[in-house]
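Trainee: Below is the structure I would like to discuss, written out as structure tokens.
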Amino acid sequence: MLPPDAPFSPEHALWVNGVLAGMYSRSAQTPRPQPGREVVVLWASQTGNAEEFAGAVADRLSASGHRPVLAGMDDTDPGALPEGADLLLVTSTFGDGDAPDNGSDFWDRLAAEQAPRLDGVRYSVLAFGDSSYDDFCGHGRRLDDRLDELGGVRLAPRTDCEPDFEPSADAWLDEVLTALESRAAGTTESTTAPPKKPARSPRPAPITARLVGNRLLSLPGAGKEVRRFTFDTSGTPLSYEAGDALGVRPVNSPALVEEWLAVTGADGSTAVDIAGVGEVPFAEALHRHLDITRITPDLLRFVTERVRDGRELKKLLRPDNKDGLAQWSWGRQAVDVLAEHPVRADARDWAGVLKKLQPRLYSISSSPLVDAHLVSLTVSVVRYENLHGTARGGVCSPFLADADADTEVPVFVQASPHFRPPADPATPMVMIGPGTGVAPFVGFLQERRALGHRAPNWLFFGEQHRASDFYYERELTELLDEGTLARLDTAFSRDQRQKVYVQDRMREHGPELWRWLQDGAHFYVCGDASRMAKDVDRALRDIAVAHGGLGEAEAGAYVKQLAAAKRYVRDVY
């Protein structure tokens, strides 16, 4: 609660204490009254990056003499924003351009026809994303456009961030603070010079772990190569909790680097400047620092400008031809584009157009309560052939799959503070984890067993074929036999004529699933965001209608209530 002498009007104090009741769930302290402007910082986050950086934003605003109010979007009504305050929105994107779970209600209200006008409200948006996905920072773009439609005035332009977000996010914050200072000039408000760096770093520096486990989970006949990788972090400060993700910093294969140099004719010994690294030979930059697999619009534009006939590529770059670009890119890597459309350019030009190689995040498949120094992942290894039969693959998964034992790998933990097994030993747990989505639930079950929690746990697992794709069958069967797992329901889609998926199993067992939810069960989903997560969400609403006696709108409100209470949480990608 705000102190009685806080510098707020009664209406404003009611807004802060009521609408933002959850704003201090991150253990933040009430900022001291400051003479600077009031700035509302709203965040929506699926994995925690946006939430953590929003906290860093609030810290710097406070240190700069402003009065930050930090809140999750799920705690905020757009119609109750305080008059005269500036608005900063920090958000990730979920699935196909959607709002994160804790930002969906805020977005629904903002996108509604009856949304309140925000005439003259100064705002800026920081969007987190990954340009390897089609709708890069899609939700951030939609927020930015909608606030403009409602009459808001951009305090600073929107910034879209890659997974390695710190430099871009820090630059956005610097620009926001400069805009706040310049617009406050000439007033009686006094501020201190903003510190150059956030008061806290959202992401710890990578540590070096040893790859000590590489177990093939898929069996002969499988259409996928799925492996369990285990890292030894002994002697390092790395720590994690069940539900967190592990970031892995891979390198490109030496063979692909050689092919790149051969196709482009570039000199691998030429020194190039890499942001945050400095000058390195071009060959080393290709190996360690640049993304040389992904076909990006920047790369296509670069090639189009330098080939004799760029009509095909120009057509692919049209904004209305995203589907055509996706189809054309299938089975190709960047080097394949350059082989088809030869371009001669200097190593420095290539270094300027290629994106930085980003870390890969994987859900952790272990619990530190089993062994605090061993961290495991469940990974589908990406391998395929290009249109000419040449072997191609992803960057990180083949790097790990083909690495020698005891290879040193730079890793870091990405905390997922809202994706945790129930803390209450009496709370039931339902887990939907098809394919490699089973990953975190292996850790969840290890955790509950180690803690002696006796509440029932129910896992839905699905894949193509039981004979080849039943990952962790032995471990899950043991957990079922010993009682840690109360139920295990499987859906192997290709083992019968009519395909069956986890959402179909949910509906089959709808009455019991509804009873579990009524008994307070927490409901978790991990896996594909574009289809599976949406199908599971639809099935959950259908169960609320069929077995809870709710109307369609009531079922939607019920599911939203589960999410707001942190009883329905998703780790999807």
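Trainee: For segment 316-381, give the percent of accessible area contributed by carbon and sulfur heavy atoms, probe 1.4 Å, rounded to a whole number.
Mentor: So the carbon and sulfur contribution to the accessible surface is 53 percent.
Trainee: In terms of modelled amide H atoms, which long-range or inter-chain residues lie less than 5 Å from the amide H of residue 491?
Mentor: Residues meeting the amide H criterion: 461, 462, 463.
Trainee: Where nothing but the Cβ of Lys and Arg (+1) and of Asp and Glu (-1) is charged, how large is the charge dipole of segment 40-119 around its Cα centre, in debye to the nearest 20?
Mentor: I would put it at about 360 debye.
Trainee: Another question, if that's okay. Counting only residues 5 or more places away or on other chains, whose amide H sits under 5 Å from the amide H of residue 37 once H atoms are built in the peptide plane?
Mentor: Under 5 Å from the amide H of residue 37 lie the amide H atoms of 67, each far enough along the sequence or on another chain.
Trainee: Given a 1.4 Å probe, how much area per residue of the chain is accessible, in Å²?
Mentor: Numbers: 25590 Å² over 573 residues.
The answer is 45 Å² per residue.
Trainee: Could you order peptides 436-447, 454-465, 112-123, 315-326 by the average number of other Cβ atoms within 10 Å of their residues, highest first? Display every interim value, and only then the final one.
Mentor: Values: 436-447: 25.7, 454-465: 21.4, 112-123: 14.0, 315-326: 12.1.
Taking the mean over residues of other Cβ atoms within 10 Å, the ranking is 436-447, 454-465, 112-123, 315-326.
Trainee: A further question follows. Using unit Cβ charges (K, R positive; D, E negative) and no other charged atoms, how large, in debye to the nearest 20, is the dipole of the chain about its Cα centre?
Mentor: Taking the Cα centre of the chain as origin, the dipole is about 320 debye.
Trainee: Put a dot 7 Å past each Cα toward the Cβ at residue 133 and residue 168; how far apart are the dots in nm?
Mentor: With each label point 7 Å from Cα toward Cβ, the separation is 1.3 nm.
Trainee: Further question: What is the gain in length, in nm to one decimal, between residue 109 and residue 371 on full extension, counting 0.36 nm per residue of separation less the C-alpha to C-alpha distance?
Mentor: Between residue 109 and residue 371, full extension yields 89.8 nm more.
Trainee: Something else: Calculate how many DSSP beta bridges within the chain are antiparallel, expressed in % of all such bridges and rounded to the nearest 5.
Mentor: Values: 36 of 77 bridges.
Antiparallel: roughly 45 percent of the beta bridges in the chain.
Trainee: Could you tell me which of 559, 405, 219 has its Cα farthest along the dipole of the chain towards the positive end, charges placed at Cβ (Lys, Arg +1; Asp, Glu -1), taken about the Cα centre?
Mentor: 219
Trainee: Set the Förster radius R0 to 45 Å, insert the Cβ-Cβ distance between residue 80 and residue 273 as r into 1/(1 + (r/R0)^6), and round the FRET efficiency to 0.05.
Mentor: 0.40
Trainee: Output the pairs from 314/355; 224/315; 315/355; 322/566; 315/356; 224/560 with a Cα-Cα distance over 31 Å in this structure; if there are none, say none.
Mentor: 224/315; 322/566; 224/560
Trainee: Quick one: check the C-alpha center-to-center distance for segment 213-267 versus segment 440-467, whole angstrom.
Mentor: Segment 213-267 and segment 440-467 have Cα centres spaced 25 Å from each other.
Trainee: Between residue 488 and residue 215, with labels modelled 7 Å along Cα→Cβ, what's the label distance in nm to one decimal, could you check?
Mentor: In this crude spin-label approximation the distance works out to 1.3 nm.
Trainee: Given a Förster radius of 56 Å and the C-beta distance between residue 318 and residue 475 as r, what FRET efficiency does 1/(1 + (r/R0)^6) yield to the nearest 0.05?
Mentor: Calculated transfer efficiency: 0.70.
Trainee: Relative to the present Cα-Cα distance, how much length would full extension add between residue 426 and residue 388 at 0.36 nm per residue of separation?
Mentor: Numbers: separation 38, 0.36 × 38 = 13.68 nm, distance 5.69 nm.
The span from residue 426 to residue 388 would gain 8.0 nm if fully extended.
Trainee: At 0.36 nm per residue, and after removing the present C-alpha to C-alpha distance, how many nm does the segment from residue 468 to residue 332 gain when stretched out fully?
Mentor: So the chain would gain 46.1 nm between residue 468 and residue 332.
Trainee: Based on the Cβ-Cβ distance of residue 306 and residue 148, what FRET efficiency does E = 1/(1 + (r/R0)^6) give at R0 = 30 Å, to the nearest 0.05?
Mentor: Working from the Cβ atoms, E equals 0.25.
Trainee: If you filter segment 473-573 for GluC sites (Glu not before Pro), then keep DSSP loop positions with at most 13 other Cβ within 10 Å, what is left?
Mentor: Values: sites: 473, 475, 478, 482, 508, 512, 552, 554; in loops: none.
Passing both the DSSP loop test and the Cβ count: no residue.
The values are calculated or read from the model by the stated rules, or taken from the named source; none is laboratory data. These numbers were taken from a predicted model, which means no experiment stands behind them. Don't worry about glycine lacking a Cβ; one is built from the backbone with ideal geometry, like all the others, and counts go over all protein chains shown. Only protein heavy atoms, including side chains, enter the accessible area calculation; ligands, DNA and RNA are left aside. Shrake-Rupley method; radii C 1.70, N 1.55, O 1.52, S 1.80 Å.
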